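Colleague: Can you read through this structure? Questions will come right after.
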Amino acid sequence: MDFPAQIAAMKMVIIPVAAWFVAQILKVIIQSIKDRQLKLRYMVSPGGMPSAHSALVCALATTVGMAHGMDSSIFAISAILAVIVMYDAAGVRQAVDKQSAVLGHLLTSIPKTPPEFEHFMQSLVGHTRFQVVAGALLGVLIALWWN
């Protein structure tokens with residue numbers, strides 16, 4: 001494989017990872033402003049605004065589409081993957097959040113200290129539809145800007 005082809009292939013990894021990283025940084029900033037305290041743990045936590053999963057897969061699909069054409073098989077595969085990931089982020093993970101809330105309500109009736117309860121439960125598991133759309137737009141914009 002020649003050098004320009006190697007660089008082009010790396011873009012398929014670098015751009016989506018960069019979109020994920022930017023989304024995670026934004027998540028830390030947004031949550032830190034909201035909580036009025038630096039929350040670095042959001043750099044690696046699931047859930048939150050924007051969806052890093054959506055940013056990653058949409059940046060991948062956009063980069064693939066720009067490199068191979070929107071009518072290519074590889075773009076179709078990456079676009080379908082993006083839809084599945086975003087559906088999971090908004091749908092299935094929201095169901096987990098609801099179950100978590102019910103479980104949290106049940107556990108509050110059992111005497112536990114707040115640190116024990118917080119350790120047992122993690123509330124930001126899923127994404128709202130808005131967070132998924134924001135992540136998707138972020139991923140597309142980063143891929144378009146980079147390309």
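Colleague: Hey, residue 37 hits all of (1) at pLDDT 90 or above; (2) surrounded by fewer than 17 Cβ atoms within 10 Å (Cβ to Cβ) but one; which does it fall short on?
Modeller: Of the numbered conditions (1) at pLDDT 90 or above; (2) surrounded by fewer than 17 Cβ atoms within 10 Å (Cβ to Cβ), the odd one out for residue 37 is (1).
Colleague: Now a separate question. Could you list, in sequence order, all residues of the range 14-59 that are of a type in the set (D, E, K, R) and touching a helix residue (DSSP H, G or I) at 6+ places or on another chain (Cβ under 6 Å)?
Modeller: If the condition is that a residue be of a type in the set (D, E, K, R) and touching a helix residue (DSSP H, G or I) at 6+ places or on another chain (Cβ under 6 Å), then 27, 39 are the ones that fit.
Colleague: Let me ask something else. Check 16, 50, 46 and return the single one that is surrounded by fewer than 19 Cβ atoms within 10 Å (Cβ to Cβ) and in contact (Cβ under 8 Å) with a residue 40 or more places away in the chain.
Modeller: One residue alone meets the criteria, 46.
Colleague: Write out, first by first residue and then by second, each pair whose Cβ atoms fall under 6 Å of each other, whose residues are 6+ apart or on separate chains, and whose first residue, in the range 24-40, is more than 17 Å from residue 134 (Cβ to Cβ) while the second is of a type in the set (Ser, Thr, Tyr) and assigned to a helix (DSSP H, G or I).
Modeller: From the range 24-40, the pairs are 38/32; 39/32.
The values are calculated or read from the model by the stated rules, or taken from the named source; none is laboratory data. Since this is a predicted model, take the numbers as computed values, not measurements. No Cβ is skipped: glycine too gets one built from the backbone with ideal geometry, and neighbour counts run over all protein chains shown.
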